[in-house]
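Structure first, then comments.
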Amino acid sequence: MAFEQFNLDKRVMEGVRKAGYTSPTPIQERGIPAVLAGGDIMGLAQTGTGKTAAFLLPILQRLLKGERRRVRALVVAPTRELAAQIDEAANTLGAATGLRSTALFGGVNIKRQIEEIRKGVEIVVACPGRLLDHIGQGTIDLSHIEVLVLDEADQMFDMGFFPDIRRILKHLPAKRQTLLFSATMPDEIRKLASEVLHSPKAIQVGRTAPAVTVSHAIYPVAQHLKTPLLLELLKKNDGESILVFTRTKHRAKRLHEQLSKAGHKATSLQGNLSQNRRQEAMEGFRNGTYRILAATDIAARGIDVSQISHVINYDIPDTPETYIHRIGRTGRAARTGDAFTFVTTDDTAMVKSIERLLGSAIERRMVEEFDYSAPAPEVTQAPRTARPPRAAKGPAQKEGGPRRQPHAPETKHGSVKPRGTRRTSPRKQG
Ligand code: AMP
């Protein structure tokens, strides 16, 4: 199958060539014609499937006709990183169309964003909080929106953004095309979908299962031996880029320091960093300055580094869905990847839940030369880094503090609402 069959304008096809895409991914094969047809879409697809181009290409095609220099397409995304990535993709894919895109997110000066909007853009990619700031200040006119995309809806729900989304919806024309994408489809997302979508066409790429190109393995290990085991595995795997997930910001930072000390080109991405430091870490990881990125879930959401070869769960995720999200970072767009998960005896129940969601058992591996019986050195036994028993752990402990949107500027409009009801068993999939 080729991109030519979509009959996209040659200016849009120029973008496809510029991005280096040769054939459409499954979500693009099914999503592009559906979006071009103009109806609402409910897309069940995770990051890494090519869903961004699946909605951007038909949007660009649509915007070629009609008025220029007014905001006609709005993409709402949960994190700055994801918004920046979508904006970048829109500018790459739309390079030959003359259409402009800009990203609006917190943590950076709003004046420059106002300036960009004033100059005239057709596509806006925004995080909910900052978009509401612009709406509140009257610096954006959303009355000409023709297409709305809600990307990573489940993540936006997890981050407490639904009240913000509902507020934003009030400023959009009722007559529009709405596309909703989510990697998982819990009841809350279905409810939002029933409110915002009209007779949607459902597009599902696989089940809520990771890309088949990813191979999974579990490494049982004691808490205090996680770093030595990671160092051992790093010796054996000369992967291109390795993304390591930790449970808290503090653990991401500490792991970054430990890896650097051991001579690895490592960095970290977590909510405590300034926007500049985050960008530097992301950019460095993308361009290969750093081979290893230690990150928390929220900081790493939607990260697109197409050459990630390994995702290592230094700490097991809190929910099976988060596992899917994490490993969605590897094996992207038909590359193969490995997903390793370190598990301690506390993690048995979560491993079962993940296996249930995957529909198969995950291979257990041991590293032969590794000394699994080494005693805990005193320094790594500090109580504040020890993992609390899972049963005692609530959502408020995520990222080492009250559950909140970690990107400070996004908290202004009530995005801090704790969710409090996060289930830890697999949800019904649909
Ligand atoms: P996404 O799921 O939209 O985050 O995309 C994941 C990665 O796949 C990004 O790096 C895209 O640039 C890349 N990609 C998207 N579509 C294609 C395609 N048709 N061929 C190759 N790579 C693609």
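Residue check, Val149 against (1) open to solvent by less than 40 Å² (accessible area, probe 1.4 Å); (2) more than 16 Å from the ligand (Cβ to nearest atom); (3) touching a residue at least 24 places away in the same chain (Cβ under 8 Å), all met but one. Which one?
Failing condition for Val149: (2).
Looking at Val16, Val108, which one is in contact (Cβ under 8 Å) with a residue 40 or more places away in the chain and within 13 Å of the ligand (Cβ to nearest atom)?
Exactly one residue qualifies, and that residue is Val16.
When the range 21-50 is examined, which residues are found to be part of a helix (DSSP H, G or I), out of contact with any Ser or Thr (no Cβ under 6 Å at 6 or more places or on another chain) and within 9 Å of the ligand (Cβ to nearest atom)?
Gln28
Would you say Ala90 is crowded, with 18+ Cβ neighbours inside 10 Å and at negative phi?
It is true that Ala90 is crowded, with 18+ Cβ neighbours inside 10 Å and at negative phi.
Any idea which of (1) more than 11 Å from the ligand (Cβ to nearest atom); (2) in contact with a Phe, Trp or Tyr (Cβ under 9 Å, 6 or more places away or on another chain) is the one Arg11 doesn't satisfy?
(2)
List pairs: first residue in the range 312-328 and of a type in the set (Phe, Trp, Tyr), second residue in a helix (DSSP H, G or I) anywhere in the structure, Cβ distance under 8 angstrom, at least six positions apart or on different chains.
Tyr314/Lys226; Tyr314/Leu230; Tyr314/Arg251; Tyr314/Leu255; Tyr323/Ile354; Tyr323/Leu357
Yes or no: Leu64 modelled with pLDDT of 95 or more and either within 13 Å of the ligand (Cβ to nearest atom) or crowded, with 20+ Cβ neighbours inside 10 Å (or both)?
no
Taking the criterion of being modelled with pLDDT of 95 or more, in contact with a Lys or Arg (Cβ under 7 Å, 6 or more places away or on another chain), open to solvent by less than 50 Å² (accessible area, probe 1.4 Å) and among the acidic types (Asp, Glu), would at least one residue in the range 159-168 satisfy it?
Scanning the range 159-168 turns up no residue that is modelled with pLDDT of 95 or more, in contact with a Lys or Arg (Cβ under 7 Å, 6 or more places away or on another chain), open to solvent by less than 50 Å² (accessible area, probe 1.4 Å) and among the acidic types (Asp, Glu).
Select from the range 350-364 the residues that are exposed (fewer than 12 other Cβ atoms within 10 Å of the Cβ) and in contact (Cβ under 8 Å) with a residue 40 or more places away in the chain and list them in ascending order.
Gly359, Glu363, Arg364
Any chance the range 67-78 includes a residue that's within 14 Å of the ligand (Cβ to nearest atom) and in a helix (DSSP H, G or I)?
No.
For the range 197-220, state whether one or more residues are buried (at least 18 other Cβ atoms within 10 Å of the Cβ) and free of Cβ contacts under 8 Å to residues at least 40 places away in the same chain.
No, the conditions are met nowhere in the range 197-220.
One line per residue, one yes/no per condition, for (1) more than 16 Å from the ligand (Cβ to nearest atom); (2) open to solvent by less than 10 Å² (accessible area, probe 1.4 Å):
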| residue | (1), (2) |
| --- | --- |
| Leu60 | no, yes |
| Gly94 | no, yes |
| Ala103 | no, no |
| Arg112 | yes, no |
| Glu116 | yes, no |
| Ile123 | no, yes |
| Gly138 | yes, no |
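Read through the list (1) more than 15 Å from the ligand (Cβ to nearest atom); (2) at pLDDT 95 or above; (3) buried (at least 20 other Cβ atoms within 10 Å of the Cβ), then give the number of the only condition that Ala53 fails.
Only one criterion is unmet by Ala53, namely (1).
The values are calculated or read from the model by the stated rules, or taken from the named source; none is laboratory data. Bear in mind that the values here come from a model prediction, so they are computed numbers and not experimental data. So basically every Cβ, Gly included, is an ideal-geometry build from the backbone, and we count neighbours across all protein chains shown. Side chains are part of the model used for accessible areas, which takes the heavy atoms of the whole protein and leaves out ligands, DNA and RNA. Shrake-Rupley method; radii C 1.70, N 1.55, O 1.52, S 1.80 Å.
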